[in-house]
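> The structure is given below, and queries will be raised subsequently.
The values are calculated or read from the model by the stated rules, or taken from the named source; none is laboratory data. A quick note: this is a predicted structure, and the numbers were derived from the prediction, not measured. Glycine gets a Cβ as well: all are built from the backbone with ideal geometry, and neighbour counts include every protein chain shown. Accessible surface is based on the protein model in full, side chains and every heavy atom, while ligands, DNA and RNA are left aside. Shrake-Rupley method; radii C 1.70, N 1.55, O 1.52, S 1.80 Å.
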Amino acid sequence: MEAPLRPLRLRCSVQNYDWGRRGEDSTVARLFERNSGAQIDPSRPYAEFWMGTHESGPSFAGSDSEEVTLKKWIRENPGALGDKVVAKWGTDLPFLFKLVPSVLILSVASALSIQAHPDKELARMLHRMRPNVYKDPNHKPEMAIALTEFKALCGFVSMEELKDVLIGVPEIAKLVGNDETNKIICMRELNGYVNAKAVIQSVFTKLMSANKDAILALVSKLKNRLEAENKIRRLSEREQLALLLEKQYHADVGVLAAFFLNYVKLSPGEALYIGPNEPHAYISGECIECMAASDNVVRAGLTPKYIDVPTLCSMLTYKQAFPQILRGIQLNPFITRYTPPFDEFEVDCCILPSKESVVFSPIPGPSIFIIVTGEGRLQTGSTDEERVMEGDVYFVPAHNEIHLSAATDKPIHLYRSGVNSRIFG
């Protein structure tokens, strides 16, 4: 058997979306500076650090004089992906790896938009119809692993919670209409709510499709009412969130839509995965994110970007369930693995104390490693050791065994993304 191709040190890309933290306050900016040598612009927001082959944010390998995109290098060296990966996805990396920094409301950053990612069939159609907006024909299931306390909206609330919303938020009840509101409130659970999907779809679509003047008036009433009630009672977490979103986006329909979605709070080390056609919005915190290799997003609120309400409302599953929280499976004292129900990716978290060592066993598929903090030495097989430090990113071809050791007083916090192990049998 031929020796595996050696790992490549990567220079990665950054996205300067408006919601990112500015300058040196951004974790992404710090990692990007150390990874690329580029100087941080203190006036620019640094939102996402991308590692992979997607054309909207490519990674590069090689020296300055002979630098090539990782995408091109893989096409010229398909053995780096392993036979099963090439057979299933061709000669491209099937996942995209990101680091997403704090998205703190009322800070220099802001909440991410209410959005969903299309399934493969819809992605192909949207890309064909609007290639300038939907830039590739792939689906985009994703997983976020919390680095800090992390808050998000994800999936629709239960029918009982929807009733509570219509009773407790008169501004939404007014928009839905008295007859429809009373009909929903009076519904009884008989072997499950038979028409639950149709009900939530009808109400949510009515909200998202309302004209701007109506939304402006209702959000203003909601704000005034909650501010007055806050003087005589403690507001619920969701009511407090509505006020924060209103300060940021004012008369945006997303302020009201937030009442329809589950409010999820992750502790560091917990993860959330999101399938195609599921509504979600990241509110605050830092996370590592991995997804299928796509940048397709259908948005409907809490964003200055292109909004496509008809597509979003027609594509959603309207499944009413609290999302599953992953806590990972410990492979050894230092490595925890997060495995979502998607073939394209899985993520390992490695927290390596000072002076300790660990081995990543060879796998028949590609990986990307990022050093988030710390310093140490990395070795593959019989090759010489390399010094690694914060901001270093490596593409590791299939069948490589990785030896990692942490320096004195510099423990390593590392993440590895790779194809989901289940496809290898």
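> Please count how many residues of region 398-421 are in contact with a strand residue (DSSP E or B) (Cβ under 7 Å, 6 or more places away or on another chain) and open to solvent by 20 Å² or more (accessible area, probe 1.4 Å).
8
> Something else about it: Of all residues in region 247-283, which are over 15 Å from residue 114 (Cβ atoms) and among the polar types (S, T, N, Q)?
267
> How about region 123-147: which of its residues are open to solvent by 50 Å² or more (accessible area, probe 1.4 Å), assigned to a loop (DSSP other than H, G, I, E, B) and either out of contact with any Lys or Arg (no Cβ under 9 Å at 6 or more places or on another chain) or at pLDDT 95 or above (or both)?
130, 131, 132, 135
> Would you be able to say whether some residue in region 322-331 is under 17 Å from residue 403 (Cβ atoms), free of Cβ contacts under 8 Å to residues at least 60 places away in the same chain and in a loop (DSSP other than H, G, I, E, B)?
The answer is yes, given that some residue of region 322-331 is under 17 Å from residue 403 (Cβ atoms), free of Cβ contacts under 8 Å to residues at least 60 places away in the same chain and in a loop (DSSP other than H, G, I, E, B).
Condition check ((1) out of contact with any helix residue (DSSP H, G or I) (no Cβ under 9 Å at 6 or more places or on another chain); (2) closer than 19 Å to residue 28 by Cβ; (3) not basic (Lys, Arg)) across all residues:
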| residue | (1), (2), (3) |
| --- | --- |
| 267 | yes, no, yes |
| 270 | yes, no, yes |
| 282 | yes, yes, yes |
| 297 | yes, yes, yes |
| 306 | yes, no, yes |
| 315 | no, no, yes |
| 319 | no, no, no |
| 322 | yes, no, yes |
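> Could you tell me which of the residues 424, 395 is open to solvent by less than 70 Å² (accessible area, probe 1.4 Å), touching a helix residue (DSSP H, G or I) at 6+ places or on another chain (Cβ under 8 Å), over 27 Å from residue 11 (Cα atoms) and aromatic (Phe, Trp, Tyr)?
Step by step, each of 424, 395 is checked, and only 424 is open to solvent by less than 70 Å² (accessible area, probe 1.4 Å), touching a helix residue (DSSP H, G or I) at 6+ places or on another chain (Cβ under 8 Å), over 27 Å from residue 11 (Cα atoms) and aromatic (Phe, Trp, Tyr).
> Considering each of 214, 292, 242, 228 in turn, give the residue that is out of contact with any Ser or Thr (no Cβ under 8 Å at 6 or more places or on another chain) and under 30 Å from residue 31 (Cα atoms).
Only one candidate qualifies: 292.
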